[in-house]
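The values are calculated or read from the model by the stated rules, or taken from the named source; none is laboratory data. Just so it is clear, the structure is predicted and the values come from calculations on it, not from any experiment. Quick reminder, even Gly has a Cβ in these numbers, built from the backbone with ideal geometry, and neighbours come from all protein chains shown. Ligands, DNA and RNA are excluded from the accessible area calculation, which covers all protein heavy atoms including side chains. Shrake-Rupley method; radii C 1.70, N 1.55, O 1.52, S 1.80 Å.
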Amino acid sequence: MTNEIRKAYLLGAERAVHLLATEEVARCWDKESVLPGMTVGGLAGHLARSVLQVEWFLDGEIVGADPVSPVRYYARLVGTSVPDSALNVGVRARSEETATAGPAAVAEQTRAAWQRLTQRLDREPADRRVAVLHRPGEEMLLDGYLQTRCVELAVHLDDLVLSVGAPNQTPGTTLAIAVDVLVAAARDRHGDQAVLHALARRERDADQSLRVL
């Protein structure tokens, strides 16, 4: 499974690298994206961080905490659908900070990080842990963290191509991991009965149980 996850992640990251380098993204950088309150540049910065952060987390200090699973990473989130929640305000701030470098620099930084990761991930053992830097003291298994990055890549590649009018570029293997993680997170958060209603009896889905992000 390790090889499949890492290949799917790197494929998704490669698509992000290509999209970030397009003229469409650079031309629309300061315009509003399809996400309210976020510019195309901010959205591009957020997408780029799905590549950049992997290196940052790999270089973080490991303290031996019990690893958080990719399912719990998402299932426990609160305020995901509230634009002004602490979660979303923080995401926008970090994304816009990354975007201040400008489209050319963000594209180049992401390309360089992806190239290094294509070599580095091959050498990392299956039990490798990474530090979750925005949650001090937390750790994840590397492959678990890469599954969360597949989610971010799949979701935000879609957001960015819609924002700039480019073709959808998400690889099928990346999408499959993203869907698996998000459905599992919905089951963890709401329970199987609620998820069943969301899948088969939408008129009974009062809580939008499949909505995780």
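Odds and ends about this structure:
- Residue check, Thr98 open to solvent by less than 40 Å² (accessible area, probe 1.4 Å), touching a residue at least 40 places away in the same chain (Cβ under 8 Å), among the β-branched types (Val, Ile, Thr) and more than 19 Å from Cys150 (Cα to Cα): yes
- Total residues in the range 168-213, condition of a type in the set (S, T, N, Q) and either touching a strand residue (DSSP E or B) at 6+ places or on another chain (Cβ under 6 Å) or within 23 Å of Leu20 (Cβ to Cβ) (or both): 5
- Considering residues of the range 166-180 that are modelled with pLDDT under 95 and of a type outside the set (Ser, Thr, Tyr) only, the residue surrounded by the fewest Cβ atoms within 10 Å (Cβ to Cβ): Pro167
- Gly165, sole failed condition from (1) on the phi < 0 side of the Ramachandran plot; (2) of a type outside the set (Asp, Glu); (3) more than 14 Å from the chain's Cα centre (by Cα): (1)
- Unmet requirement for Leu146, which otherwise passes all of (1) part of a loop (DSSP other than H, G, I, E, B); (2) touching a Lys or Arg at 6+ places or on another chain (Cβ under 8 Å); (3) aliphatic (A, V, I, L, M); (4) at pLDDT 95 or above: (1)
- Note on the range 50-70: residues that are within 19 Å of Ala8 (Cα to Cα) and open to solvent by less than 30 Å² (accessible area, probe 1.4 Å) amount to 9.
- Among the residues making up the range 71-85, those that are of a type in the set (Gly, Ala, Ser), within 17 Å of the chain's Cα centre (by Cα) and open to solvent by less than 30 Å² (accessible area, probe 1.4 Å) are Ala75, Gly79.
- A single member of Val183, Val161 is under 18 Å from Arg72 (Cβ atoms) and either open to solvent by less than 90 Å² (accessible area, probe 1.4 Å) or part of a helix (DSSP H, G or I) (or both), and it is Val183.
- For the range 188-206, the criterion of being over 18 Å from the mean Cα position of the chain (by Cα), within 17 Å of Leu47 (Cα to Cα), open to solvent by 50 Å² or more (accessible area, probe 1.4 Å) and at pLDDT below 95 is satisfied by no residue at all.
- The lone criterion from (1) within 20 Å of the chain's Cα centre (by Cα); (2) surrounded by fewer than 19 Cβ atoms within 10 Å (Cβ to Cβ); (3) closer than 19 Å to Arg76 by Cβ left unmet by Gln147 is number (2).
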